[in-house]
Amino acid sequence: MPGQQRADARRNYARILEVAEAEVAAHGANASLEQIARTAGVGSATVRRHFPTRHALLEAVSQERIALLAARAQELAGEADSRRALLEWLDDVVSYCVTARGLAAALAYDVPDPAHGNSCSMTLEESAAPLVARAARDGAVSPDVTVGDLIALIVGITLTTERHPEPAAEASRLFRIAVAGISPQPGRD
């Protein structure tokens, strides 16, 4: 949003985003928008003008992490073992979601305005599509599994384990169970 704005609006946007990153890291996806406004030194209306929904704010806060995950998917696309490459990328997504509070919520599809979609999930879907397609061609993943399916699975696992005493270990354990379930089994229909 900061492209064609006045200098003070660009400063407000940057300050709100900086404060929001800290608040989301501390309080997760339910960080108080009013607290963000107070800490940034702007009014609530200014926050809402830049980020009309909580989801828009979470997407902006997560943008850098999403770019890193997208780049990682492209990097792994050249690996010889397509299953290992896909699982390594998915492990990265799980790790990011567990450690970066709010990222799982940014990836969730329950956006209030579905017409605008979910740019975080769309970016990951585009970047990981070659990994999933290659793994499916190689028989490492069922052909009907999509990146969207895998992201939804990771979001569910991450949100479910968020308050667990050891969220990273529990999310990893649950993800391993899910991987065993999505991998094709010889002789199974």
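The lone criterion from (1) open to solvent by less than 60 Å² (accessible area, probe 1.4 Å); (2) of a type outside the set (V, I, T); (3) farther than 30 Å from L131 by Cβ left unmet by R38 is number (1). Of the listed requirements (1) under 17 Å from the mean Cα position of the chain (by Cα); (2) surrounded by fewer than 18 Cβ atoms within 10 Å (Cβ to Cβ); (3) at pLDDT 90 or above, Q63 misses just one: (3).
Inclusion of A14 among residues that are of a type in the set (A, V, I, L, M) and surrounded by 14 or more Cβ atoms within 10 Å (Cβ to Cβ) is not warranted.
Checking A45, A25 one by one, the residue that is over 18 Å from C97 (Cβ atoms), open to solvent by 30 Å² or more (accessible area, probe 1.4 Å), assigned to a helix (DSSP H, G or I) and among the aliphatic types (A, V, I, L, M) is A45 and no other.
Selection of helices (runs of 4 or more DSSP H) fully inside segment 86-189 by the criterion of at least 1 residues being in contact with an Asp or Glu (Cβ under 9 Å, 6 or more places away or on another chain) and modelled with pLDDT of 90 or more returns 119-137, 147-161, 167-182. Scanning segment 132-166 for residues that are open to solvent by less than 70 Å² (accessible area, probe 1.4 Å), over 16 Å from the mean Cα position of the chain (by Cα) and touching a residue at least 12 places away in the same chain (Cβ under 8 Å) yields V132, R134, A135, G139, A140, V141, S142, V145.
Residues in segment 96-106: is at least one among the charged types (D, E, K, R) and open to solvent by less than 70 Å² (accessible area, probe 1.4 Å)? Within segment 96-106, none of the residues are among the charged types (D, E, K, R) and open to solvent by less than 70 Å² (accessible area, probe 1.4 Å).
The values are calculated or read from the model by the stated rules, or taken from the named source; none is laboratory data. This structure is a prediction, so every number in the text was calculated from the model and none was measured. FYI the Cβ positions are ideal-geometry reconstructions off the backbone, even for glycines, and counts take in every protein chain you see. Heavy atoms of the whole protein, side chains included, go into the accessibility calculation; ligands, DNA and RNA do not. Shrake-Rupley method; radii C 1.70, N 1.55, O 1.52, S 1.80 Å.
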